[in-house]
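Written below as C-alpha cells is the structure these notes are about.
The values are calculated or read from the model by the stated rules, or taken from the named source; none is laboratory data. Just so it is clear, the model here is predicted, and its values are computed rather than measured. Cβ coordinates were reconstructed from backbone atoms using ideal geometry, including for glycine residues, and neighbour counts include every protein chain displayed. Side chains are part of the model used for accessible areas, which takes the heavy atoms of the whole protein and leaves out ligands, DNA and RNA. Shrake-Rupley method; radii C 1.70, N 1.55, O 1.52, S 1.80 Å.
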Amino acid sequence: MVDGRRVLANVIHSQVDLHAEFGGVVPELAARDHLERLPHLLDTTLERAGIGHDDLDLLAVTRGPGLAGCLLVGVGVAEGLSAAWSRPLTGVNHLWGHIYAAMLARPDLEPPLLGLVVSGAHSDLVLMPEHGHFEVIGRTRDDAAGEAFDKAARMLGLGYPGGPALDRLARTGRPERQPLPRPSLPGLEYSFSGLKTALLYRLRDLGDGAGPEQRADLAASFEQSVVESLLEKLDAALARTGCTEVVVCGGVAANTLLRRRAAEVVGDRARLTMPPLDLCTDNAAMIAAAAHFAVKAKGLQPTTVDPSLNW
Ligand code: KG4
Ligand code: ZN
C-alpha cells in the first residue's frame, strides 16, 4: 500500500471451504488456519508487490472487533515481524477498515462523510467528520444485517456462507408473493430479529409445501425487507446530516439489491461510494489504508486485542 490509497498487492485466503462442512465459522479452526497460512500469505504478498520488507515503513494489524483467537494470531505474528524487521507497528479497528475500503475505490474521497457499515456483526450508521474520527448515530438493537442474512439462509436450506447464497436465490424470486414485515424502529435504530422470526413461522406454516419457487420468493422478500430497512434509516440520516458524501460498505454491501437501491435512495443528494465486491468483504488492503490515515491523524495505535472493540 502506498500513501493509504494505492494497493500494490492484496492477497486473500478464503476460509469458506474450511467452514462450509460445519455450516458456519468454527472459531478454533479459523484461528489455527490463520496461524498456518499467514507466513506464506505474507511472502506471496511481498512477492506480488515486488518489494522486500526493507521497503516497508509501517506494519498494521487488526486489533478488533473480531474472533479473539484470530485476532491473537494476527497480533502475535505482526509483533514478531515488527521486532524482526525493526519496523513500527500499529493496531487498526476493523470497522474503520471497512470505511477506508471506499477510499481505495475513490482516491479523491475525503471526509466529512456519512457511512453505513453492514457486516456479519454490525449495522452501524456513522458520521466521519475527519480522518481517524467516527461518531455512531445509529445501530442495531439485536442482529446485524449480515447475521440476519446468514440465519435466513440457513432456514431456507442454503449452506454457508449464507449471504451470497441468499443473494443468488433472491434474484430468481418475486418478493410480493411472500410479503414479510418491514422492521421499523423510531430514530436511527435497526432490528432484524422480528423479521427472522416471521420467516421462521412462514416456513413452519408452509411445512413441506415450501417448494423451490416459494423459497426463492421468501429469499427475495427477506432481502427486500432488510435492504429497505437499512436504506430507510440511511435516508433519514442523510436528511438529518446533509452530508454530501455517503459510503455504504462491509460484507453485506456486496448484496445486489442493496447496491442498486442504495444508488436510487441517495439519488443526487450526495455522492455514493460502494467499494467493489472484493473490497466490501474482509481484506487486508482496507486495514492498511485505515492504518495510514489513523497514524497520520493520531500517531501509532495500540495493538492490544479487543474482540468487542467499538468505533
Ligand atoms: O465484512 P464481512 O466480510 O465480515 C465481517 O466483518 O463480518 O461481512 C460478512 C457478512 C456475512 O454475514 C455475509 O453473509 C455477508 O457479509 N454477505 C452478504 C453478501 N456477501 C457477503 N450478504 C448479502 N448479500 C451478499 N451478496
Ligand atoms: Zn468485516
TODO: Kindly list, by first and then second residue, each pair from a residue in segment 246-262 that is farther than 17 Å from A170 by Cα to a residue that is polar (S, T, N, Q) and more than 8 Å from ligand 1 (Cβ to nearest atom), limited to pairs with Cβ atoms under 8 Å and residues at least 6 apart or on different chains.
DONE: V246/T273; V247/T273; V248/T273
Open item on the list: Quick check on this structure: which one of D235, D278, D205 is out of contact with any Asp or Glu (no Cβ under 9 Å at 6 or more places or on another chain), within 20 Å of A121 (Cα to Cα) and either of a type in the set (D, E, K, R) or free of Cβ contacts under 8 Å to residues at least 24 places away in the same chain (or both)?
Closed with: D278
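Condition check ((1) open to solvent by less than 40 Å² (accessible area, probe 1.4 Å); (2) more than 20 Å from the chain's Cα centre (by Cα)) across all residues:
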residue	(1), (2)
H53	no, yes
E79	no, yes
Y100	yes, no
P111	yes, no
A121	no, no
V126	yes, no
P129	no, yes
H133	no, no
TODO: Go through (1) within 16 Å of ligand 2 (Cβ to nearest atom); (2) open to solvent by 70 Å² or more (accessible area, probe 1.4 Å) and name the single condition G146 misses.
DONE: (2)
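Yes or no, residue by residue, for (1) basic (K, R); (2) over 19 Å from L125 (Cβ atoms); (3) in contact with a Pro (Cβ under 9 Å, 6 or more places away or on another chain):
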| position | (1), (2), (3) |
| --- | --- |
| Q224 | no, yes, yes |
| T241 | no, no, yes |
| V246 | no, no, no |
| V265 | no, no, no |
Task: D235 farther than 22 Å from A102 by Cα and part of a helix (DSSP H, G or I) - done: no
Open item on the list: If I ask for residues that are not hydroxyl-bearing (S, T, Y) and not in a helix (DSSP H, G or I), which ones from segment 33-65 would you list?
Closed with: G50, I51, G52, L56, D57, L58, L59, A60, V61, R63, G64, P65
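Go through segment 1-34 and report how many residues are charged (D, E, K, R), closer than 25 Å to W96 by Cβ and open to solvent by 70 Å² or more (accessible area, probe 1.4 Å). Walk me through it before giving the result.
First pass over segment 1-34, keeping only residues charged (D, E, K, R): 3, 5-6, 17, 21, 28, 32-33.
Of the ones still in play, those that are also closer than 25 Å to W96 by Cβ are 3, 5-6, 33.
If we keep only those that are open to solvent by 70 Å² or more (accessible area, probe 1.4 Å) as well, we get 3, 6.
The total comes to 2.
Can you pull out every residue in segment 78-124 that is in a loop (DSSP other than H, G, I, E, B), away from ligand 2 (no atom under 13 Å from the Cβ) and not polar (S, T, N, Q)?
Correct list: R87, P88, R106, P107, D108, L109, E110, P111, P112.
Can you name the residue in segment 125-143 that is part of a loop (DSSP other than H, G, I, E, B) and of a type in the set (D, E, K, R) and is also farthest from ligand 2 (Cβ to nearest atom) among such residues?
Quick first cut of segment 125-143, residues part of a loop (DSSP other than H, G, I, E, B) only: 129-134, 141-143.
Pick out the ones that are also of a type in the set (D, E, K, R) and you get 130, 141-143.
Numbers: E130: 23, R141: 20, D142: 19, D143: 16 Å.
Across segment 125-143, the extreme among qualifying residues is E130.
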Task: Criterion violated by E213 - all others in (1) over 23 Å from M286 (Cβ atoms); (2) within 16 Å of ligand 1 (Cβ to nearest atom); (3) touching a Gly at 6+ places or on another chain (Cβ under 9 Å) satisfied - done: (2)
Open item on the list: Given the condition out of contact with any Pro (no Cβ under 8 Å at 6 or more places or on another chain), farther than 23 Å from D55 by Cβ, more than 16 Å from ligand 1 (Cβ to nearest atom) and touching a residue at least 40 places away in the same chain (Cβ under 8 Å), answer yes or no: does some residue in segment 84-103 qualify?
Closed with: no
